[in-house]
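Let me begin by presenting the structure, written as structure tokens, before commenting on it.
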Amino acid sequence: QWVNFSIVSDKLNFPQLYLNTILVTIMMIVGQILIVTICAYAFDRLNFPGKNVLFMGMLALMMVPGQIFIIPRFKLMVNLGLTNTLVGLVLPGLFNIFGVFLMRQFFTGVPDELLDAGRIDGLSEFGVYTRIALPLVTPALSALGIFTFLGNWNSFLWPVIALDSKEKYTITLGLAQFSAENASQWELIMTGASVATIPIIIIF
């Protein structure tokens with residue numbers, strides 16, 4: 001029934017929840033694309049001591065459950081004074097091992113001749129990365145952006161630990177609190193979940 005949407009909008013501050021979640025997601029997408037692509041390009045195109053060992057060790061960390069790092073993350077945010085802030089919510093997740101692996105595989109497919117042509121024309125290594133390599137891997141950047149969006153829009157464990165005030169809640173925390181307060185009113189819970197999935201449907 002349509003009346004459920006008005007009831008949910010009265011009980012939940014959806015504009016604030018949406019704003020917080022969108023800000024966190026945008027910061028995470030931009031930050032991950034910057035950091036992940038630079039790391040991936042370095043692993044693929046630059047030669048430095050221990051590169052292969054470091055890359056294999058990084059891949060091995062993909063087998064470690066992320067919950068193990070929750071306490072060190074939280075202690076780091078406490079020491080930096082970033083608890084209960086959106087920056088503290090974003091900062092620990094800016095480095096994505098899967099993203100580095102994904103982007104490195106795409107950078108491997110970029111022909112060496114194109115990068116060498118840029119170097120011959122006088123581009124620095126950073127110029128080669130930004131003006132030649134990145135435009136050639138835009139499909140991978142799109143995929144990384146979509147994965148990051150979905151992962152952060154639905155993130156619950158880290159936000160519930162890092163945030164205290166309701167004004168900073170993301171949409172998953174708002175829905176969790178709403179579900180706890182209206183445990184027997186399933187029509188309202190499902191209505192809130194439907195509203196929360198609208199951006200995901202649009203992205204799809």
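The values are calculated or read from the model by the stated rules, or taken from the named source; none is laboratory data. All figures in this text were calculated on a predicted structure; none of them were measured in a lab. No Cβ is skipped: glycine too gets one built from the backbone with ideal geometry, and neighbour counts run over all protein chains shown. With ligands, DNA and RNA removed, areas are computed over all heavy atoms of the protein, side chains included. Shrake-Rupley method; radii C 1.70, N 1.55, O 1.52, S 1.80 Å.
Looking only at segment 40-59, decide whether some residue is in contact (Cβ under 8 Å) with a residue 60 or more places away in the chain, under 20 Å from Tyr129 (Cα atoms) and either open to solvent by 70 Å² or more (accessible area, probe 1.4 Å) or among the hydroxyl-bearing types (Ser, Thr, Tyr) (or both).
yes
Go through segment 163-204 and count every residue that is touching a Gly at 6+ places or on another chain (Cβ under 7 Å) and modelled with pLDDT of 85 or more.
Count: 1.
Please give the helices (runs of 4 or more DSSP H) falling wholly within segment 95-204 in which 2 or more residues are surrounded by 13 or more Cβ atoms within 10 Å (Cβ to Cβ).
Hits in segment 95-204: 97-108, 112-120, 125-128, 138-153, 157-162, 171-181, 186-196.
Taking Phe69 as the residue in question, decide whether it is part of a helix (DSSP H, G or I), at negative phi and at pLDDT below 90.
So Phe69 fits the description; yes.
Taking only pairs six or more apart or across chains, which ones have beta-carbon atoms under 7 Å, a first residue in segment 105-122 that is within 16 Å of Pro135 (Cβ to Cβ) and in contact (Cβ under 8 Å) with a residue 24 or more places away in the chain, and a second residue that is hydroxyl-bearing (Ser, Thr, Tyr) and part of a helix (DSSP H, G or I)?
Hits for this filter: Phe107/Tyr41.
Output the residues belonging to segment 177-193 that are closer than 9 Å to Val8 by Cβ and among the small types (Gly, Ala, Ser).
Gly192
Ile161 fails exactly one of the following numbered conditions: (1) over 21 Å from Phe98 (Cα atoms); (2) without any contact (Cβ under 8 Å) to a residue 60 or more places away in the chain; (3) among the hydrophobic types (A, V, I, L, M, F, W, C). What is the number of that condition?
(2)
To keep it simple, each residue is scored yes or no on (1) modelled with pLDDT of 90 or more; (2) in contact with a Gly (Cβ under 9 Å, 6 or more places away or on another chain); (3) basic (Lys, Arg).
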| residue | (1), (2), (3) |
| --- | --- |
| Gln16 | no, yes, no |
| Gly31 | yes, yes, no |
| Leu34 | yes, no, no |
| Ile38 | yes, no, no |
| Asn47 | no, no, no |
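Can you find, within segment 141-150, the residue that is farthest from Gln16 (Cα to Cα) among those that are out of contact with any Ser or Thr (no Cβ under 9 Å at 6 or more places or on another chain) and touching a residue at least 24 places away in the same chain (Cβ under 8 Å)?
Within segment 141-150, the match that is farthest from Gln16 (Cα to Cα) is Ala143.
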